[in-house]
Structures are given as structure tokens and as C-alpha cells.
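A short reminder: the numbers here are calculations on the coordinates, not readings from a lab. Only a predicted model underlies this, so the values are computations on that prediction, with no experimental measurement involved. Heads up, the Cβs are rebuilt from the backbone with ideal geometry, glycines too, and the neighbour counts pull from every protein chain shown.
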Amino acid sequence: MSPEFPIDDEPSTELTGEMVVFFVRLLRREGLSVSPSEAIDALRAANEVDIRDREAFRTALRTALVKREADHPVFEMLFEAVFVPKSLEPAGGHGHDHDHDSEGGYRLENPEEHIVPTHEGEGHSHDPIRMLYHDDEDLGDAFERMTAEATGEAESVPVETEGMIADFESEPSFTEQPAPSVNMDRKVVEWKERQFEAFDAAEKAEMEMVIAHLVRRLKQQVRKRQNDVDSGQLNVSKTLRKSAKTGFVPFDPVFRTNEIEKPRGVVLCDVSYSVTHASRLMLHFLHALGNHSLIKSRDFVFVKELAEVTDLARRQGIEETIEGVFQGEVVDVDDDSDFGHAFKQFYENHMETLRHKPTVIVLGDARNNFNDSEAWVLDEIRDRSQQLVWINPEERSLWNRGPSIMDEYGQHCDFVEQAATPTELRDVLESALGRHADAAAPTEDSSTP
Amino acid sequence: MRQFDTDDDIITALAGQNYVASREIATTVRMATVLEKPILLEGPAGVGKTSLAISLAAAMETDLHRLQCYEGIDETTALYEWEYGKQMLYTQLLTDQLTDRFGDMSISDAVDELSTEESAFFSENFLLGRPILRALQSAEPAVLLIDEIDRANDEFEAFLLETLDDYQVTIPELGTVSAEHPPITIITSNNTRMLSDALRRRCLYCYIDYPDPERELDVVLTQAPETSQALGEEIVSFVQGLRSHDLRKTPGLSETVDWARTLASLGYDQITREVAENTTGALIKHHADHGAVLAHYDEWESGDRSIHSGNDHDHDHGQSHDHDHSH
């Protein structure tokens, strides 16, 4: 179906450029963000390799365009589909894993006209690198085109290349498409007030945005606290000792500082169906906080069995981990909630996580289904932790109804909070982190009285 | 200082330093030298990210400037520091001369006069270069290794952007120092924290995963030459299988090499249960993983020991492709 587009002779620079630009567009359509400067890098890289050497071409494009390991599969899928080894049947789909490219070259799995840019008649007369670099007249256009694409249509359509190319053809010119304006502030407010239950997969990206917003706020608080603490008094003895090498001229005064230790947290997250949305958000939140070095947390999930997901989240990313957790890959989510069992498991296997007096947060609705409460474990945890906070996403009026034994557990905790929206959750975490810092004894250094 | 023209040159040169480079790594390194872009290397611990930089510097016969990142690292460690002590010492030595010169002047005249000489005290004489500055000032392209950047906080990451963009640093008292020969910059990350997109955008990205059996065997035989081929194959087969288990710390390539050295120096020529019990300290780094190793041994011992088992892909790496015709 797709006409043969062989690259037998030394490919011209323009052709290489067209192929790269085309490929960048495909990547963007699949949701990868490729900046103009990265596209330029890819063009330059492609010109440095012999593009008939498929592996070298692949590496050149990949190193310049794909900056996360998680995005590699998308790249590989597109590359395999677009740059098919010449020795294979067109649109093979199967047997792609046999790289018989020692014969050199490959077909482009698409008709030639598809890679001609929408500027008719002009595309081929210009070296695309020059288009992006020097040629004043085209430079603006090219960038506009590429940036419009980058910010523009973000709809990702994971379909076969055939359809994709067809789509691509019929797509209106990017330059005419104004970038969709998103009213960020309104969105943030909207999302903040929304109940967890309202989230679904399609809205995940926006949730990320809200989280980033909240993380920033939290971060400023932490930094402010650090600054407050830093502005200590002059530490005379240390300043003198240090100025010895400068003839006792105090070039470098030393102040008394109270080191703020990074808060450590241990989080036990109920992932049973009733609190799915809250725990999902909680895990996201903690991961984001950890990523910004605001907290070191060990994350556990449970329904009945208890499992740690800290390493998993680090290895395969928080998204996949959370999906995996709720699909029951980590613990059996179809079990009936049994807080007592999970607590006991924590006591037996994971008490060593409390070594540095962390803040312990339990997130759950305390619906223990009439199992043993094992509340004594909470006492043990409380003894060895800075504070024990229970976050219950349910309305207070529903607490202690039915199988919920919030009060019984609550007696063994330092704080019991209700948090149902991201804003409430943020406030709870913010105050918990604040208390943690205060409690972590602002010790004056002992050298001076 | 050596230049490389083709990927194969790089592979050969690195092999000379006992580093077994894949084609992908070679192409990336060449791209980096040609485009003058930093390389961002990610991947699990112990797969040879840091040693790539070290071997590359040795292969290129150039200097390696290494910056080990840690929490709280700042510019004075990475860039430069003024040597107050030295400045002080010079001032004191010059005291007599200063008395002669300024003795009969009014204070304000003396200050004016002195300020014309100010630059003498903030010159490169008193500048203590740290790795990044040293790499930029190097007389020939050096290798700059910024190791484990994920340990530094994101302020430091942002601070690096100027350097990575234009290979220059700004020193307020002196002005901007630009590199005449941009260093080949290699940044490694163990992914304990997500790096910013701004940093990623400025780098060429390469992910080094656990090696496939062929490459791992290659590495074992190069780095631990005292190992026999047969033992090497057993070790690789064992470790490859072990990685599929759920371990606290999955052994990397460097652990495999350590283990091979251990076995070879203890005179074992095959893996037995005794070996698995006693020598795995080289391989696993958590007591909790010990049980998993023994369990894996039983499984492995009864199964196929060949390194190609369970490995159905066609590993035709096409080492022979030379496309030099038509040039």
C-alpha cells in the first residue's frame, strides 16, 4: 500500500532533515514533549551519522529526542513502524525483532508526499537545518510551526502508523491553530475543591498540575522555616578558629545554625475500594514531595496484607505503581479491609523503619470489618515515632458507623484529621511537617553556652 | 588528546581501557563530541555509568574532572572559591611596601590609589578552581563527570544550566569565563529523584540497563581476566537469572565482576551450593537477599545453565556492517 521509498544512494541533507522533522511531529502526536532545540539537536545528530546505518540513526534520534526511559517504548514503536528495514515486507508488523539491517538502509513506511511539509513548493528547496537556523525568512515559520505543535494538540492517538499518517495528512495546518488557552487559576481552584471520588484516568494530567502547585507552596514554607532557623547568632569560637588562617581577620563569619533535618515519614495507606481516590492522591503527593527532597518517606499499602511500595515507585514510576496497586498486583485489593492484620504485619516486619523517629501517617477509613483491631500496635508506633497522624477521608458524620472503629483507633493516635480534598490533604501534611520540624528539637550547637 | 571519527574507533579505544561499550554508547559519545552536548546517563547502580567517564578520559588521553554530587552541594564546591588565606598573606607581606607608598598620603587619596590596584587581589592568582571551572579552563577538551546529580537538590541542578548551555561560568569579580575547548560532559543519575525537564532538554540522553548476557560475559572476561570462559558463562547465567528475582538490591554489572574475581581468586571453577552459600557477599548487599540467592541456586542448578536459556531474541548485532561505500 505504501509506495516504496528506498534510500539507496547517499541521502541528501534535506531528506534527512525532512525525515527528522516528520518523526518529531509523530513523537509529539504521541504526547512526548520535544522542544525546538531538541529537534535541532536531532537534526544535527542525524547529519553526523550515516543514516543508512539503522542502529546509529536510531541512537542519534533517541539520545537527542527522548529524555526519559519511560518514553523509550513509544520511540521504539514509532521508529520500528516508520523506518522499516529494507529487507522486510512492507507493513510487516511481525518479525520486526529480526534486525537484518546488515544489508543497510530501510524503507520509509509512508508515501513520499507525507514527509513534505505543508509549505508547498518550499520544503524541498531548503535545507531544513538552515530553515531552523539561518534562513531568516523561514526561521520564524519553522519555529512557529514546531512550537505550535508542541503546545497545541495534545490528544494522543495510539493507533497504527497507517492511520496515524492518514490523520496527520488531514490535520489542519498548525500555524492556523491557536494554542488552546487553559485558565490555570480557575482549573486549580476547581480541582482543589473537588472530591477525590471525582478523579478518573483522563483527568490525571490536570491532577498532576494541581499537585505541582501544592508542592510549590509546601516547599516555600519549608524554605522559609529553614531561613528563619539559619539567621542565628554569631558563633564566636568557630569564627575565631576559622579566621586563624586569615590572620584572625574574620572573613568568613560562622553563625549558629539549627540544622533542619529532612522530615522522615512512614505512610500506611489503605488501598481498599472505599478510599481509592484519597490513597491514590496521597501516594502521588508523597512521591512528589520526595522528588523535591521535602520528605523521605517509606510508603506501605494494605487492604489486609501489607506491602511496601517505596522501591517500586522509584523503579517504575509512581503512575505505574499506583495503577499496579489498584489493579491488585501488589496486595489483594479484593480482600476485606483488615487494619488489625496489616498493623500486626507492620509490627512484625517493618518496625525498623521507625528508627529515626519519623512522622507516621495512616490513611484509611478505619472500617475494620469487625476483625481484631490490634490497636496496641499503634501505641508501639506512637512510642517510637515523632507523631502518629490518622487521616480519614470520610465525612466525620460517618465515622464510627457500621464497621468503622475510628474512635478506638483514634485514641491511640496523636492527631486524627479528616481530609477529603487535595487542599485539605495538603493542609494536613503541611501542619504535620511543621510539627515534625518543631519537635525535631532545634538544638543549639553545644560548643558555645 | 585523541579524536574519534567513527563509532568503532570509540569502541576499540574504550576496549583498550577494559570498558566494553555497546554500539549505542559509542554513538552517543560521538554525538556528544560532535554536537558539544552533555550526556545524561541514567540506569540502575553498577552498570558502568561512572566508569564510562573514567575510561573515556583515559582513552582520550585527557584529564578527568570529577564532581561528586551530594545533598547540599553548592557553587563553592563545584565552581570556585576565593583563597582568603592567600589574599591575606599577600597583603601582610606587602604591608611594608604599602607604608612606603601611602605613608604621606591622606586616607582618601590612599583609598583612591589602592582601588586602582584592586583587581590584583581578585585575579586568577587567588582563585581556587573547582572541578567545573577547571574543566572549562582546560587547555584541551577534558572530560567532566558530574556524578549522581540526583543527590544534589534542584537548586544546584538549575545552577548547572548556564554551564551546560554555553560552557561558561560567571564569576562576579572577574567576569564570564568561557571554555575554549568545551569539555565532554557526562552526567549520571541513579534516578532517586526526577530530574527537571530543563536539564534533560540540554543533554543527550542514554539509558544504560543491565547488560544482556553476551555483553555481561564480555565485561566479566575483560575485567576479571583470571576467570575461565566456562566459569564466566556460569556466573553470567546465574546472575542474569538472579536479577529476575525480587531483591532488595539487584546486583549490577560491577557486582558480577567482583563475584567473578572472588571465585577466580578462591580457585573455584564452577558454581556449587557451597559457593552460593559462602561467596555471595560479593554479589548481594542485603542480608534479606541471602535466602533468595539460595532459592535461585536450587532453581538454576536444576535448570538449564546455558547463558542463552530463556533468551529467544535474535541477537544479531550486525557487528560487520560497514557502510563506507560511496564516500
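Against the test of being touching a residue at least 12 places away in the same chain (Cβ under 8 Å), of a type outside the set (D, E, K, R) and surrounded by fewer than 23 Cβ atoms within 10 Å (Cβ to Cβ), the options B:LEU253, B:LEU263, B:LEU247 yield a single qualifying residue, B:LEU247.
Restrict the check to the range A:51-61 and report whether at least one residue is within 24 Å of B:ILE10 (Cα to Cα), under 26 Å from the mean Cα position of the chain (by Cα), among the small types (Gly, Ala, Ser) and within 12 Å of chain B (Cβ to nearest Cβ).
yes
Determine if the range A:320-336 includes at least one residue that is of a type in the set (Gly, Ala, Ser) and within 22 Å of the chain's Cα centre (by Cα). Yes.
Looking across the range A:285-296, just one residue is crowded, with 23+ Cβ neighbours inside 10 Å and under 20 Å from A:ASN392 (Cβ atoms), and that is A:LEU286.
State yes or no: is A:ASP71 within 7 Å of another protein chain (Cβ to nearest Cβ) and surrounded by 18 or more Cβ atoms within 10 Å (Cβ to Cβ)? So A:ASP71 fails the test. Could you list, in sequence order, all residues of the range B:14-23 that are in a helix (DSSP H, G or I) and facing chain A (nearest Cβ under 10 Å)? Answer for the range B:14-23, where residues must be in a helix (DSSP H, G or I) and facing chain A (nearest Cβ under 10 Å): just B:ARG23. Looking across the range B:218-235, not a single residue is touching a Pro at 6+ places or on another chain (Cβ under 8 Å) and more than 20 Å from B:LEU14 (Cβ to Cβ). For B:GLY129, the requirement of being surrounded by 13 or more Cβ atoms within 10 Å (Cβ to Cβ), without any contact (Cβ under 8 Å) to a residue 24 or more places away in the chain and of a type in the set (Gly, Ala, Ser) is not met.
The criterion of at least 3 residues that are crowded, with 19+ Cβ neighbours inside 10 Å is met by the following strands (runs of 3 or more DSSP E) wholly inside the range B:24-115: B:39-42, B:64-68. Here B:ASN18 meets the list (1) at positive phi; (2) buried (at least 22 other Cβ atoms within 10 Å of the Cβ) almost entirely, failing just condition (2). If you filter the range A:12-50 down to residues that are within 11 Å of chain B (Cβ to nearest Cβ) and touching a strand residue (DSSP E or B) at 6+ places or on another chain (Cβ under 9 Å), you find that the one that is surrounded by the most Cβ atoms within 10 Å (Cβ to Cβ) is A:ALA45. Against the conditions (1) more than 10 Å from chain A (Cβ to nearest Cβ); (2) surrounded by fewer than 20 Cβ atoms within 10 Å (Cβ to Cβ), B:ASP154 satisfies every one except (1).
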